[in-house]
Amino acid sequence: MPKPGRPGARNPGKKKGPLKGTGGHSRKALEGRGPTPKAEDRAWHPAGKRKAAEERYAAAGGKGRPGVRAVGNPNRKSPKAADDTETVTGRNSVLEALRAKIPATAMYIAQRVEMDDRVKEMLSIATNRGIPVLEVTRPELDRMAGFDGVHQGVALKVPPYAYAHPQDLLEKIIDRGEVPLLVALDGVTDPRNLGAIIRSTGAFGGQGLIIPQRRSASVNSAAWKTSAGAAARIPVALAANLTATLKEFKKQGVFVLGLDGDGDVSLPALELADRPVVIVVGSEGKGLSRLVTETCDQVVSIPISAATESLNAGIAASVALYQVSTLRGTV
């Protein structure tokens, strides 16, 4: 008669594994299905769908992402994106940059974009200069343009802006036999204001801008966009010290004109038709800094309605530029 075993004890002589009437089947089910497949190996996952689309695209002879397609030569490789490049968006801005022969690395155009004369000229210039033209989806262009960016179906990758030296900028203007009309910005940190002032400078006969190295907006994609392409034609100089640069300009006969709401002279009373001038514009909140104000030959105000507290920096610069160019007879 067999001995009764302890409760829960197992007979070592019996074979392991699932047996009829035991919990073997349940034990096997608990073993699982193996490691979880990678996202790209799951057909229903977005990564899996993207991988399948890329495989189909590659099998059709394309390269890169299926959302970015080379126009023209299908064997041309897409340029490698650099971290320090800028993206110029908008038809006017892109066209002006191409006309100015900015060394662009790639041009992007939206699928089924409306082909007006500007787009046709862009494509012609890009093709002649050997700039890769890539067709992308509109969501991709939206991403490249950034928050509240308006691309109008086109974008251009350009290298970082090449700033001029203030002294070189002044000497080139004089060498061309022109009377200098420059704008200096003191504490303007909004790139859209910078872009608007670049545009106004070009519109009213100015030859360039000067911005300080610190506490200032830079010529980035937002400034390019707001300038409507004028950033490709109007040079911007970078001053290590704005006050020192203005003092040096004064030694060379340049009249330093500051704009401030508390100025002693009203702008219409100026007579600066024949003099080299640099118009200094301060920030909206603080205006001109103390050192820059002390450096100015004259601080003038723009007469406005009492109902309006102050003018935007870009608008103030435009009004002053218009007044000086009117006295010179250039507009």
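The values are calculated or read from the model by the stated rules, or taken from the named source; none is laboratory data. Quantities reported herein were computed from a predicted structural model and do not represent experimental measurements. Backbone-built Cβ (ideal geometry, glycine too); neighbour counts: all protein chains shown.
Quick check: is even one residue across the range 97-115 of a type in the set (Ser, Thr, Tyr), out of contact with any Phe, Trp or Tyr (no Cβ under 7 Å at 6 or more places or on another chain), more than 12 Å from Thr87 (Cα to Cα) and modelled with pLDDT of 85 or more?
Looking for residues that are of a type in the set (Ser, Thr, Tyr), out of contact with any Phe, Trp or Tyr (no Cβ under 7 Å at 6 or more places or on another chain), more than 12 Å from Thr87 (Cα to Cα) and modelled with pLDDT of 85 or more, one finds none in the range 97-115, hence no.
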For the range 89-125, which residues satisfy the criterion of being within 22 Å of Ala222 (Cα to Cα), part of a helix (DSSP H, G or I) and not hydroxyl-bearing (Ser, Thr, Tyr)?
-> Arg91, Asn92, Val94, Leu95, Glu96, Ala97, Leu98, Arg99, Arg118, Val119, Met122
Spot the failing condition for Val154; the list is (1) more than 24 Å from Pro191 (Cβ to Cβ); (2) touching a residue at least 24 places away in the same chain (Cβ under 8 Å); (3) among the aliphatic types (A, V, I, L, M), and only one is missed.
-> (1)
Given (1) outside the structural domain of Asp117 (by TED's automatic domain parsing); (2) at pLDDT below 90; (3) in contact with a Ser or Thr (Cβ under 9 Å, 6 or more places away or on another chain), number of the condition Ser218 does not satisfy | (3)
Over the range 126-143, the set of residues buried (at least 18 other Cβ atoms within 10 Å of the Cβ) and closer than 26 Å to Val236 by Cα is Ala126, Ile131
What are the residues in the range 126-140 that are among the aliphatic types (A, V, I, L, M) and either outside any helix (DSSP H, G or I) or in contact (Cβ under 8 Å) with a residue 40 or more places away in the chain (or both), if any?
-> Ile131, Val133, Leu134, Val136
Test result for Lys247, surrounded by fewer than 19 Cβ atoms within 10 Å (Cβ to Cβ) and either within 14 Å of the chain's Cα centre (by Cα) or modelled with pLDDT of 90 or more (or both) = yes
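Of all residues being part of a helix (DSSP H, G or I) and in contact with a strand residue (DSSP E or B) (Cβ under 7 Å, 6 or more places away or on another chain) in the range 149-170, which is surrounded by the most Cβ atoms within 10 Å (Cβ to Cβ)? Just the residue, please. So that I can check it myself, show each step before the final result.
Here is the first cut: in the range 149-170, the residues part of a helix (DSSP H, G or I) are 166-170.
Subsequent filtering for residues that are in contact with a strand residue (DSSP E or B) (Cβ under 7 Å, 6 or more places away or on another chain) retains 166, 169.
Working: Pro166: 25, Leu169: 19.
Within the range 149-170, the match that is surrounded by the most Cβ atoms within 10 Å (Cβ to Cβ) is Pro166.
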May I ask you to list the residues in the range 203-242 that are part of a loop (DSSP other than H, G, I, E, B) and either more than 19 Å from the chain's Cα centre (by Cα) or free of Cβ contacts under 8 Å to residues at least 24 places away in the same chain (or both)?
-> Phe204, Gly205, Gly206, Gln207, Arg214, Ala240, Asn241
By residue number, the members of the range 123-151 that are farther than 22 Å from Pro103 by Cα, modelled with pLDDT of 80 or more and among the acidic types (Asp, Glu) are Glu140, Asp142
Does Ala269 qualify as being at pLDDT below 95, touching a His at 6+ places or on another chain (Cβ under 9 Å) and not assigned by TED's automatic domain parsing to the domain that holds Gln152?
-> no
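Yes/no per residue for (1) touching a residue at least 24 places away in the same chain (Cβ under 8 Å); (2) closer than 24 Å to Gly146 by Cβ; (3) outside the structural domain of Ile125 (by TED's automatic domain parsing); (4) part of a loop (DSSP other than H, G, I, E, B):
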| position | (1), (2), (3), (4) |
| --- | --- |
| Glu178 | yes, no, yes, yes |
| Leu182 | yes, no, yes, no |
| Val188 | yes, yes, yes, yes |
| Arg192 | yes, yes, yes, no |
